[in-house]
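Remarks on the structure that follows.
Only the coordinates and a few stated rules stand behind these numbers; no lab work does. The structure presented is a predicted model; accordingly, all values stated were derived computationally and were not measured. Please note: Cβ atoms are built from the backbone with ideal geometry, for glycine as well, and neighbour counts cover all protein chains shown.
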Amino acid sequence: MREGTRPLPVSHPNPTTLVISRPVPAGEQVVVSMNWRLLLPHGTGLRMKGGGYSVRLGSFFPLLAWDGNAWALDPPTKLPSAEAWTTPIADFDVRITQQSARLRVLASGQQVGVGKWRAQAVRDFTLALGRFKLVRGTAHVPAPVGVTVAVEPVPGAKSARVFLRRAIVSLERYSALYGPYPWHTYTVVGMADLTGLTGGLEYPTLVYQPAASENVPHETAHQWFYSLVGNDQARDPWLDEGLATWTEAAVNGAPPFTDATIPPEVANKIGEPMSFWDQFDPRRYFLGAYLQTYRALLSLGPRPQVDCALRLYAVRNAYRIVQPRDLLDALQTFFPDAEQKLKAYGARF
Ligand SMILES: [Zn+2]
């Protein structure tokens with residue numbers, strides 16, 4: 001770790017935290033740099049995959065864990081496909097070299113030259129490399145957004161055209177509801193090793209799905225709630241997962257397991273952090289955080305009014321990292337009793 005050519009002292013208090021001992025007074029700018037090397041897993045590692053004919057790099061480089069006010073030092077989650085990171089918006093210029101020209105690269109942002117990618121105003125950067133069946137289309141939000149779908153051609157894989165159609169419908173619908181999708185590209189990558197994953201893996205402007213199943217509307221909803229409006233996903237998972245579940249219902253008609261009974265141990269706990277959900281299986285996390293947030297929002301009033309409030313929330317908080325209070329402020333504009341109703345479901349402000 002360096003500042004210019006000067007080495008900086010660092011420590012590793014745990015496997016996912018790197019502390020740079022360089023105090024920075026408010027208002028001072030500092031540029032630090034580091035070299036690092038990543039050893040890929042031989043097979044699937046969920047966020048990262050090596051081996052076979054494809055590579056997936058998600059959550060693979062050190063991120064600045066700054067929430068706009070303080071360091072976001074929440075522990076990682078034990079639930080395998082859940083998220084616990086918080087990162088500010090940044091611009092990424094990435095140079096990618098590969099030994100085999102036959103493998104295709106899909107990445108956040110857009111390709112701007114041979115082996116050069118640029119992603120602007122995003123919280124994270126991901127890329128996949130492999131042999132894919134590719135289809136392209138355009139969403140009109142109303143400005144054109146280039147949509148790319150890449151699916152590993154394995155037995156049982158869904159048609160790339162299905163992913164494409166669902167991506168375009170979702171982008172156009174959510175843009176009408178919550179404000180236009182602000183980036184120029186959107187990419188869906190269907191990968192064979194993700195079979196068995198319920199849902200997908202969301203990154204800014206690029207989401208992963210299992211090759212054989214899809215819920216593109218849910219992952220696309222995260223482009224507004226997580227990617228555009230950021231939040232501390234460890235402390236307030238309901239702000240990204242709950243709002244994405246609400247949003248996907250605008251395309252799917254209803255969230256998954258919409259009539260399910262909520263188990264008492266996760267009832268009225270929507271405001272709990274990942275350290276609480278860690279003690280449960282993914283289904284109870286889904287029912288307690290995702291589905292109950294959907295029901296909590298539905299309890300406020302008619303869906304179009306809730307959508308209006310969420311549009312206000314998105315416009316006010318685009319590119320920021322919010323607290324639950326920011327959501328409440330927008331909802332109270334339309335529903336004066338929002339605080340009491342959401343608290344009944346376990347929200348904390
Ligand atoms: Zn999600």
Is at least one residue of region 252-261 assigned to a helix (DSSP H, G or I) and either away from the ligand (no atom under 14 Å from the Cβ) or more than 22 Å from R303 (Cα to Cα) (or both)? no
Name the residue, out of S213, S175, that is over 19 Å from L328 (Cβ atoms), in contact (Cβ under 8 Å) with a residue 24 or more places away in the chain and more than 15 Å from the ligand (Cβ to nearest atom). S175
Identify, please: which residue in region 131-177 is in a helix (DSSP H, G or I) and among the hydroxyl-bearing types (S, T, Y) and is, among those, farthest from W246 (Cα to Cα)? S175
Check region 239-249 and report whether any residue there is within 16 Å of the ligand (Cβ to nearest atom), more than 22 Å from T77 (Cβ to Cβ) and surrounded by fewer than 22 Cβ atoms within 10 Å (Cβ to Cβ). yes
For region 264-298, how many residues meet the condition of being within 16 Å of the ligand (Cβ to nearest atom) and basic (K, R)? 2
Using the structure shown, decide if S159 is small (G, A, S) and either closer than 30 Å to L327 by Cα or in contact (Cβ under 8 Å) with a residue 40 or more places away in the chain (or both). no
Could you please find all residues in region 303-326 being part of a helix (DSSP H, G or I), under 18 Å from the mean Cα position of the chain (by Cα) and farther than 18 Å from A176 by Cβ? N317, P324
Qualifying residues in region 75-96 (those that are among the charged types (D, E, K, R) and surrounded by fewer than 18 Cβ atoms within 10 Å (Cβ to Cβ)) - the one nearest to D281 (Cα to Cα): K78
Considering each of L342, L300, L291 in turn, give the residue that is under 18 Å from the mean Cα position of the chain (by Cα) and buried (at least 16 other Cβ atoms within 10 Å of the Cβ). L291
Residue pairs, Cβ under 6 Å, 6 or more apart or interchain, first in region 77-93 and of a type in the set (D, E, K, R), second not in a loop (DSSP other than H, G, I, E, B). List them. D91/Q120; D93/R118
Qualifying positions in region 107-122 - buried (at least 22 other Cβ atoms within 10 Å of the Cβ) and not in a strand (DSSP E or B): S108, G109
Scan region 206-221 residue by residue and report those that are crowded, with 24+ Cβ neighbours inside 10 Å and part of a loop (DSSP other than H, G, I, E, B). A211
Does at least one position in region 165-182 carry a residue that is basic (K, R) and under 27 Å from A65 (Cα atoms)? no
Looking at region 235-248, I want the residues that are within 17 Å of W85 (Cβ to Cβ) and among the aliphatic types (A, V, I, L, M) and have a partner that is within 10 Å of the ligand (Cβ to nearest atom) and part of a helix (DSSP H, G or I) with Cβ atoms under 6 Å, at least 6 apart or on another chain. Which pairs are those? A244/H218; A244/A221
Condition first: part of a strand (DSSP E or B) and loosely packed, with under 14 Cβ neighbours inside 10 Å. Now tell me which residues in region 20-54 satisfy that. S33
Taking the condition of being within 16 Å of the ligand (Cβ to nearest atom) and closer than 14 Å to K158 by Cα, how many residues in region 190-210 meet it? 4
